[in-house]
Amino acid sequence: MPTALITGITGQDGAYLAALLLDKGYRVVGLARRSASADRVDERLRWLGVLDRVELADGDLLDVSSLIRIIQDVGPDEVYNLAAQSFVAASWQQPLLTGSVTGLGAVNLFEAVRLAHPQARLYQASSSEMFGLIQQPVQNEKTPFYPRSPYAAAKLYAHWMTVNYRESFGLHASSGILFNHESPLRGIEFVTRKVTDGVARIKLGLADSLALGNLDATRDWGHARDYVRAMWLMLQQEVADDYVIATGRTTSIRELCRIAFAHAGLDYAAHVTSSASLMRPAEVDVLLGDPGKAKRVLGWQATTSLEDMIGEMVDADLARHRARHLALRT
Ligand code: NDP
Ligand code: GDP
């Protein structure tokens, strides 16, 4: 039975990846940091029905000794580094924490692997945000980077360190440059989930408006369930490499709103406002990925349309709010 270690197992991708690997017969160990609200941290793993099938190991990306100890104990065949301060907007408020966790934290993990178990295959969660102020209309593995936030700069550092550990130490280290991917388990602060949660609250009469920031930015959105499959495929290759993972379609926030509200029989224009206070200090206006290499080499392609994914997210948020309302009445 192969063993995988996942950092960030309590996040969106960590939960979907754990479920995928368990289905494939892996032993799955997740790095989980101490929290005073441990019952809430497990929520995504519980939602997918895999909480009692994963092993959680106490540790933190900022504590390299915890990483070395876990890697020595577990001896993983595959290590997936998904842990990060992952929210772009928060990275302007906490640039040093973001640099420490999202940038240097990744290197703590690479060092732990190199020192304690260098035969492990390594996946680094890189991001399309590294393209930032885009240098080509469609971004692929050869497109120059231009990060536009502390988050993107930290991810770019970790990305180049992945390449360096591969080239300097011969680690089997791959970097997945993933475009935005969402699901009912996406954090509520990200725009897709903020919108689907807003639709549910408006539909159920719990709110009548939804304040957003820039409605004109566009993103290449896929489904997290599809994207974790690409992570696994990268580590099954003989040779480690870097891959863009995307759908090849870009959609504005405004159009996303139209789709989400229409799914609940509502008109977005009657409810959505754009507030200057929610604009970012620097915006990434457009992201559009070319997943050609992933298709050619990994045989990977996205299988879920934006409309189906948003429909699934709206339905899940409606169900969550109904359940909460029922619980309050009983
Ligand atoms: P989430 O924000 O949902 O999850 C982040 C995870 O990192 C959580 O499990 C969190 O733990 C953990 N974490 C944060 N800080 C630390 C720390 N110091 N030590 C250990 N664990 C820590 O992110 P996603 O699942 O959406 O994304 C997974 C990865 O992919 C991230 O690195 C993200 O930046 C990257 N990415 C995501 C994209 C997307 O569209 N989703 C696109 C491209 C890249 P806790 O639960 O305790 O907070
Ligand atoms: P990101 O691409 O990782 O920053 O993912 P987000 O979901 O946080 O943001 C995607 C885009 O939506 C960005 O261009 C934001 O400026 C835009 N956006 C507009 N309104 C909002 C909002 O209220 N919240 C968030 N998170 N993003 C918003």
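The numbers here are math on the coordinates, done by the rules we state, and not lab data. Note that the structure is predicted; figures quoted are calculated from it, not measured. No Cβ is skipped: glycine too gets one built from the backbone with ideal geometry, and neighbour counts run over all protein chains shown.
Across region 205-287, the mean sequence separation of Cα contacts (distance under 8 Å, 6 or more residues apart), normalised by length, yields a relative contact order of 53 percent.
Listed by chain and number, the lysines whose C-alpha is less than 27 Å from the C-alpha of K142, apart from same-chain residues fewer than 8 away, are K155, K293, K295.
Simple rule: put +1 on each Lys or Arg Cβ and -1 on each Asp or Glu Cβ in the chain, find the dipole, and look at A316, G170, W160; the Cα lying farthest toward the positive end is A316. The mean sequence separation of alpha-carbon pairs under 8 Å and at least six residues apart, normalised by the residue count of the chain, gives a relative contact order of 17 percent. Here the Kirkwood formula, the inverse mean of 1/r across different C-alpha pairs, assigns region 116-185 a hydrodynamic radius of 13.1 Å. Relative to the longest principal axis of the Cα atoms of the chain, the long axis of helix 306-329 lies at roughly 70 degrees. Placing unit charges on the Cβ atoms of the charged side chains and taking the dipole of region 210-330 about its Cα centre, the candidate lying farthest along the positive direction among G289, A262, H325 is H325.
Straight-line reach only, C-alpha to C-alpha below 27 angstrom: list the lysines that K203 could link to, leaving out same-chain residues fewer than 8 apart. Partners within reach: K194.
Ordering I9, I259, I310 from the fewest to the most neighbouring beta carbons within 10 Å gives I259, I310, I9. Can you tell me the orientation of helix 12-23 relative to the chain, as the angle in degrees between its alpha-carbon axis and the longest Cα principal axis, to the nearest 10? Taking the Cα atoms of the chain, the angle to 12-23 is about 60 degrees. Were the residues from Q93 through Q119 laid out at 0.36 nm apart, the gain over their Cα-Cα distance would be 5.6 nm.
Pull out a ≥ b ≥ c, the square roots of the eigenvalues of the alpha-carbon gyration tensor of region 1-65, then state rounded if a/c is under 1.5, prolate if not and a/b is larger than b/c, and oblate in the remaining case.
oblate
Here the peptides 100-109, 28-37 are ranked by packing, the mean other Cβ count within 10 Å, and the order with the highest first is 100-109, 28-37.
Footprinting exposure proxy ranking of E43, E167, fewest other C-beta atoms within 10 angstrom first, gives E167, E43.
With the simple model of a label 7 Å out from the Cα in the direction of the Cβ, S100 to A262 spans 4.6 nm. For region 144-192, the calculated P(r) over all alpha carbon pairs, in 10 Å bins from 0 to the bin holding the longest distance, is 21, 38, 30, 10 percent.
Between L62 and E189, how high is the FRET efficiency from 1/(1 + (r/R0)^6) when r is the Cβ-Cβ distance and R₀ = 30 Å? Nearest 0.05. Rounded to the nearest 0.05, the efficiency is 0.90. As an equivalent ellipsoid, region 285-330 spans semi-axes of 38, 12, 8 angstrom, where each value is the square root of five times an eigenvalue of the C-alpha gyration tensor, largest first. Restricting attention to the chain, close to 5% of DSSP beta bridges with both partner residues there are antiparallel. In terms of overall dimensions, region 172-330 has a Cα radius of gyration and Dmax of 17.5, 57 angstrom.
Tilt of helix 191-203 relative to the longest C-alpha principal axis of the chain, in degrees (0 to 90, nearest 10)? In the chain, helix 191-203 runs at an angle near 30 degrees to the longest axis. Projected over all directions and averaged, the alpha-carbon convex hull of the chain occupies 16.6 nm². Extension gain for V297 to E283 (0.36 nm times residue separation, less C-alpha to C-alpha distance): 1.8 nm.
As a test of the formula, what do you get for the chain when each DSSP H run with n ≥ 4 contributes -39,500 (n - 2.57) and the sum is divided by the residue count, at 222 nm and rounded to the nearest 500 deg cm²/dmol?
-12500 deg cm²/dmol, from helical runs alone.
Translational diffusion of region 2-129 was estimated from the Stokes-Einstein equation, with Rh taken as the Kirkwood radius over Cα pairs; at 10 °C and 1.306 mPa s the coefficient is 108 µm²/s.
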